[in-house]
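The block underneath contains the structure these notes are about, expressed in structure tokens.
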Amino acid sequence: MYFDSHIHSEGLGFSELKTMSSAGIKKAITLAFYPVKPLYPQTFVDMFRKLMEFETKRCKEAGIDVYPAVGIHPRCIPPKYEFVVNYMDENDWFAFGEIGLETASREEVEVLKSQLRVAKQNDVPCIIHTPRSNKREITMKTLEILKELSFPGELTVIDHVNFDSLEVVLKADYWIGLTVQPGKLKPEDAARIVDTHGTERFMLNSDAGFSDSDYTAVAKAARLIEGRLGSEADKVVYRNAKKFLRI
Ligand code: ZN
């Protein structure tokens, strides 16, 4: 059994979800993202309801238990975003995500901090996006913010970590998400990283959904890691994500 710790199930068809399930991916976190800049903060309420009520049911029917993460992605900050943060504060969730910085603008920093404050107060695990451009620099800025807020390590996964940012993230005390996808890490890269740095802190994901991606990438990487590490691989391919989500 494999756990894909970061997908956007809304972007995947039912047959694709069934293929993932047949490849052994039986659990996944599906993350909030809105592909156009929302004009109203209320848009998020229905988006979160869709994830919690409809996507969980649809994925279950396809053979995957999905756990929704809700939040404001830095690329889709709505006007009056405080409304969304209050809604997040007033309800119960499995996790927040994806949240984080894209360009590290002042607004993005403010939105990230306000979501982290709510997460800390309510003890909610957070999946933190890091961008493609200026990966290392923006990852460092993100780590600074987490430190400034004394954000608990066990509640954080720094996601889309690659060879540019691995070293700085390893120094901090957070979970590490490895995204296996064309243009990000190859299955061999993920296997090599785990080989070198051990199985304790890593989890695998595909980020499959809205753009061209290999939605069975986690299963491919998982088989490689299992080939090298045997049952120890179970942490990276399944158990760490489960522990992080506390399910
Ligand atoms: Zn994503």
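Key figures for this structure:
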read-out	value
Sparsely packed GluC sites (Glu not before Pro) within segment 98-164, loop by DSSP, other Cβ within 10 Å at most 14	none
Stokes-Einstein D in µm²/s, Kirkwood radius over Cα pairs - segment 21-71 at 4 °C with 1.567 mPa s viscosity	111
Sequence-separation-based contact order of the chain, relative, with Cα cut under 8 Å and 6+ spacing, percent	21
Cα shape, the chain, gyration tensor, a/c 1.5 rule	oblate
Table column - 3J(HN,Hα) (Hz), segment 157-172, Karplus curve with 6.51, -1.76, 1.60, x for Gly and Pro	10, 8, 9, 6, 6, 10, 5, 6, 10, 3, 4, 5, 6, 4, 5, 8
Derived scalar couplings ³J(HN,Hα) [segment 208-214; Karplus, 6.51 cos²θ - 1.76 cosθ + 1.60; whole Hz; x for Gly, Pro]	5, x, 7, 10, 4, 7, 8
Amide H within-cut-off set for residue 25, under 5 Å, with H built and near neighbours excluded	2
Surface share of carbon and sulfur [accessible, 1.4 angstrom probe, percent] for the chain	49
Accessible area (Å², per residue) of the chain, counting only protein heavy atoms and a probe of 1.4 Å	44
Residue-wise HN-Hα coupling along segment 30-39, computed from phi with Karplus coefficients 6.51, -1.76, 1.60 (Hz; x: Gly, Pro)	9, 9, 6, 7, 10, x, 10, 5, x, 7
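The values are calculated or read from the model by the stated rules, or taken from the named source; none is laboratory data. Keep in mind that what you see is a predicted model, and the values were worked out from it rather than measured. Quick reminder, even Gly has a Cβ in these numbers, built from the backbone with ideal geometry, and neighbours come from all protein chains shown. Heads up: the accessible areas ignore ligands, DNA and RNA and are worked out on the full protein's heavy atoms, side chains in. Shrake-Rupley method; radii C 1.70, N 1.55, O 1.52, S 1.80 Å.
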